[in-house]
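Peer 1: Provided herewith is a single structure, encoded as structure tokens, for subsequent inquiry.
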Amino acid sequence: MLTIFETIKHIAIKIDHEIKTEDLGYSDSSNSSGEDQLKLDVKSDYIIEEAFKNISIVKSLVSEEKEGVLELHENGKYTICYDPLDGSSLADVNLSVGSIFGIYQGELKGENLVASAYVVYGPRIELVTAIKGSKPKHYRAQEGLFNFIDEITLDEKGNINAPGGTQQNWCEYHKTFVDDLFSEGYRLRYSGGMVPDLHQILLKGGGIFSYPATSDKPYGKLRQLFEVIPFAFIYEQAGGQALNDKGMRLMELEPSHPHDTSPCFLGSNYEITQLRDAYGMKN
Ligand code: AHM
Ligand code: MG
């Protein structure tokens with residue numbers, strides 16, 4: 001796993017360079033969800049693919065930017081599902097973006113995720129890695145090297161509320177849930193990039209990020225293998241919880257297609273209890 005995390009560090013430095021220098025416009029192509037791809041999406045995807053091509057423990061790759069599985073090494077152990085540049089449409093307004101990596105062993109489903117990592121490209125480059133049985137580790141890059149900062153532990157209760165999705169399309173009980181948190185004094189912190197939004201909650205002690213089912217997106221927006229499950233793992237390892245809208249752990253998701261999405265709620269314990277009450281989920 002160390003080799004994979006080391007490779008991610010090299011990838012992060014390269015993608016950060018592209019973010020700072022590449023043209024911010026669209027490419028001529030679209031991804032498997034039918035969305036137009038930015039040149040940065042295509043470049044980041046290429047950087048990741050090239051980097052893992054040489055790592056023999058990597059059996060295959062699945063990218064948010066591509067349909068299907070890219071087989072790399074027959075005797076490899078892991079499949080890496082990744083979102084090369086999440087929130088890339090925020091790059092042209094100079095907000096933070098990120099890369100997300102879910103490392104799976106065996107069939108592609110939540111319970112087979114063995115490690116995950118994400119990179120935040122902001123004023124600095126930061127990396128968080130997680131493996132089973134230990135707290136997530138937080139690193140910050142300086143002059144091309146990643147220094148270990150600390151292990152991440154979520155407080156039982158935070159004060160950040162990051163509610164995703166278009167409000168007009170929320171259902172009533174979701175509106176009530178979000179409003180009740182604000183009435184308790186929670187502060188709105190939402191950039192529209194899930195990587196910096198979830199990173200902020202992790203580092204500032206706690207709170208909740210939600211991307212619910214909406215009338216226009218009944219299965220949510222965020223993709224299970226590349227976005228939802230890797231972050232669910234990190235939140236659980238940090239002492240928090242991660243559920244879908246039925247109260248099921250996101251780590252129990254079993255996508256039937258690599259690009260399947262899920263409503264998702266990730267947060268510290270207090271906010272997840274509030275969610276269960278508002279949604280009428282069983283405890
Ligand atoms: P992307 O992978 O196409 O960049 O989409 C994912 C992003 C998340 O970072 C963010 O939470 C969400 O889309 C916001 O979407 P929207 O503004 O459409 O609600
Ligand atoms: Mg994404």
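Peer 1: How far is the Cα center of the range 104-133 from the Cα center of the range 39-66, in Å?
Peer 2: Between the Cα centres of the range 104-133 and the range 39-66 lies a distance of 15 Å.
Peer 1: Using only alpha-carbon positions, what ratio does the radius of gyration of the range 224-283 give when scaled by 2.2 N^0.38 Å?
Peer 2: Values: Rg = 11.2 Å, N = 60, 2.2 N^0.38 = 10.4 Å.
Expressed relative to 2.2 N^0.38 Å, the Cα Rg reads 1.07.
Peer 1: Moving to a separate point now. How large is ³J(HN,Hα), in whole Hz, for each residue of the range 170-184 in order, when computed from phi with the Karplus curve 6.51 cos²θ - 1.76 cosθ + 1.60 and θ = phi - 60°, using x for Gly and Pro?
Peer 2: Result, rounded to whole Hz: 6, 7, 4, 5, 6, 4, 4, 4, 5, 4, 4, 5, 4, 5, 7.
Peer 1: Please compute the per residue accessible area over the range 128-224 with all protein chains in place, 1.4 Å probe, rounded to a whole number of Å². Don't skip to the answer; put the middle values down first.
Peer 2: Values: 4830 Å² over 97 residues.
Value for the range 128-224: 50 Å² per residue.
Peer 1: Rg and Dmax of the chain, using alpha carbons, in Å: what are they?
Peer 2: Every Cα atom of the chain included, Rg and Dmax give 17.8, 54 Å.
Peer 1: Okay, moving on. Pop out the ³J(HN,Hα) list for the range 21-38 in order, Karplus 6.51 cos²θ - 1.76 cosθ + 1.60 with θ = phi - 60°, rounded to Hz; leave Gly and Pro as x.
Peer 2: Rounded to whole hertz, the list is 10, 6, 4, 8, x, 7, 8, 8, 10, 10, 8, 6, 8, x, 8, 5, 9, 7.
Peer 1: OK, next. Quick one: helix 194-203 against the long Cα principal axis of the chain, what's the angle to the nearest 10°, folded into 0 to 90?
Peer 2: Approximately 70 degrees, to the nearest ten.
Peer 1: Compare Ile47, Ile149, Ile13 in a GNM of the chain, Cα atoms joined below 10 Å, and give the one with the largest fluctuation.
Peer 2: Ile149
Peer 1: Once you've got the Cα coordinates, tell me which of Lys137/Lys217; Lys14/Lys59; Lys175/Lys246 are over 25 Å apart. Mind showing how you got there, number by number?
Peer 2: Values: Lys137/Lys217 33 Å; Lys14/Lys59 23 Å; Lys175/Lys246 16 Å.
Beyond 25 Å: Lys137/Lys217.
Peer 1: If you count only protein heavy atoms with a 1.4 Å probe, what accessible area per residue comes out for the range 1-82, rounded to a whole Å²? Intermediate results must be reported in sequence, preceding the final value.
Peer 2: Numbers: 4240 Å² over 82 residues.
Value returned for the range 1-82: 52 Å² of accessible area per residue.
Peer 1: Largest first and in whole Å, what are the equivalent-ellipsoid semi-axes of the range 170-239 based on the Cα gyration tensor, each being the root of 5 times an eigenvalue?
Peer 2: On the way: eigenvalues 78, 67, 21 Å².
Semi-axis lengths for the range 170-239 are 20, 18, 10 Å.
Peer 1: Could you give the size of the charge dipole of the chain about its Cα centre, using +1 on the Cβ of each K and R and -1 on the Cβ of each D and E, expressed in debye and rounded to the nearest 20? Write out the running numbers ahead of the final one.
Peer 2: Values: 27 positive and 42 negative charges, 145 e Å.
Computed charge dipole of the chain: roughly 700 debye.
Peer 1: Please list, in order along the range 86-97, the HN-Hα scalar couplings obtained from phi with the Karplus expression 6.51 cos²θ - 1.76 cosθ + 1.60 (θ = phi - 60°), rounded to whole Hz, x for Gly and Pro.
Peer 2: Calculated HN-Hα couplings, in order: 6, x, 4, 5, 8, 5, 6, 10, 6, 9, 5, 10 Hz.
Peer 1: With charges set only on the Cβ (+1 for Lys and Arg, -1 for Asp and Glu), what does the dipole of the range 160-279 come to about its Cα centre, in debye to the nearest 20? Write down the numbers at each step before the final one.
Peer 2: Values: 10 positive and 14 negative charges, 48 e Å.
For the range 160-279, the charge dipole is close to 240 debye.
Peer 1: About the Cα centre, and with charges only on the beta carbon of Lys, Arg (+1) and Asp, Glu (-1), how big is the dipole of the range 2-151? Nearest 20 debye, please.
Peer 2: Numbers: 15 positive and 26 negative charges, 148 e Å.
Charge dipole of the range 2-151: 700 debye, to the nearest 20.
Peer 1: Next question, about the same structure. Two decimals is fine: what is log10 I(q)/I(0) at q = 0.12, 0.30 Å⁻¹ for the range 75-134, from a Debye sum with one equal scatterer on every Cα and no solvent?
Peer 2: Summing over Cα pairs of the range 75-134 leads to -0.36, -1.19.
Peer 1: A follow-up question, please. Quick check: from the Cα gyration tensor, does the range 1-150 come out rounded (a/c under 1.5), prolate or oblate?
Peer 2: Working: a/c = 1.79, a/b = 1.14, b/c = 1.57.
Taking the square roots of the gyration eigenvalues as a ≥ b ≥ c, the range 1-150 is oblate.
Peer 1: Search the structure for amide H atoms under 5 Å from the amide H of Ile149, placed 1.01 Å from N in the peptide plane, and list their residues when 5 or more places away or on another chain.
Peer 2: His138, Tyr139, Arg140
Peer 1: Which semi-axes, in whole Å and largest first, does the equivalent ellipsoid of the range 160-279 have when worked out from the alpha carbon gyration tensor as the square roots of 5 times its eigenvalues? Could the numbers behind the result be given before it?
Peer 2: On the way: eigenvalues 76, 57, 34 Å².
Those come to 20, 17, 13 Å.
Peer 1: Okay, next question. State, as an integer percentage, the relative contact order of the chain based on alpha-carbon contacts under 8 Å between residues 6 or more apart. Each step should come with its number before you reach the end.
Peer 2: On the way: 632 pairs, mean separation 43.9, N = 283.
Dividing the mean separation by the residue count of the chain yields 16 percent.
The values are calculated or read from the model by the stated rules, or taken from the named source; none is laboratory data. Keep in mind that what you see is a predicted model, and the values were worked out from it rather than measured. Neighbour counts run over all protein chains shown; Cβ positions are idealised from the backbone, glycine included. When the accessible area is computed, the model is the full protein with side chains, heavy atoms only, and any ligands, DNA or RNA have been set aside. Shrake-Rupley method; radii C 1.70, N 1.55, O 1.52, S 1.80 Å.
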